[in-house]
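Working notes, beginning with the structure itself.
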Amino acid sequence: MIQENEIGGKSNRAEKVDDYFVSPYSSALVWFGVCTFLVAIFLASQLGTQAKFFDNMRLERQPGLWSAIGIVGMLFFGFFQMLQFWFHRNGLQAPGFVSEAMIWLKAGEYVLWFMVYVSLVPLVGYLPTTVGFLLLMTWRLGYRQRRFYGLAVLAGVLIVVVFKSFLQVKIPGAALYEYLPSAVRSFAILYL
């Protein structure tokens, strides 16, 4: 079944499979690609000082190896993306730039939610923060039925059990745990 997309007020209907691979580039995509390529160039300029390579060490044991691989990949693919932009676009202004940029900014909301989650874990604790975060995300995504909230709580408890008990990930105890009685405090620090 062929779907129809509404982009910038225009109907863009694909007639054959090849049409899915020949799509116009928006200004937001071009700007994002250019900015990403510039960041890759900056990171490549910092490789010698930030990612260390030692003389008498095998390549696979070098501390900066995976950083270098990632940055070289960013440069390689970014260069070809720049070439692709050069051949597919005449200018950088497109009618749908603002609406597409707003969609990207909306995605950034979830980065902020996660930053709040990470900053609350040392204060409130891993279990209460994880369960609270999942309940909040369930509400934020529009799932308002009780069963979804129950599934969010169950998922939060399972995440904590798997990470703390089975994988034995060391997550520091919360500042809130200091106010618990000593017997409960040690249990909370180890398992919650």
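Every number in this text was worked out from the coordinates using simple rules, so none of it is lab data. Please read all numbers here as calculations on a predicted model, not as lab measurements. Glycine gets a Cβ as well: all are built from the backbone with ideal geometry, and neighbour counts include every protein chain shown.
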Give the dimensionless ratio obtained when the Cα radius of gyration of region 122-161 is divided by 2.2 N^0.38 Å.
1.12
Identify, among Tyr117, Ala183, Val157, the residue whose Cα sits farthest towards the positive end of the charge dipole of region 107-191, taking +1 on the Cβ of Lys and Arg and -1 on the Cβ of Asp and Glu, with the dipole about the Cα centre.
Val157
Report the full-extension gain for the segment Val161 to Gln84: residue separation times 0.36 nm, less the Cα-Cα distance, to one decimal in nm.
23.0 nm
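By how many nm would the segment from Met137 to Val153 lengthen if fully extended, with 0.36 nm per residue of separation less the alpha-carbon distance?
Contour length minus the Cα-Cα distance gives 4.6 nm.
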Which FRET efficiency value, to the nearest 0.05, do you get for Val169 and Leu112 by plugging their Cβ-Cβ distance into 1/(1 + (r/R0)^6) with R0 = 25 Å?
0.55
Once you place label points 7 Å from the Cα toward the Cβ at Leu75 and Lys52, how far apart are they in nm?
2.2
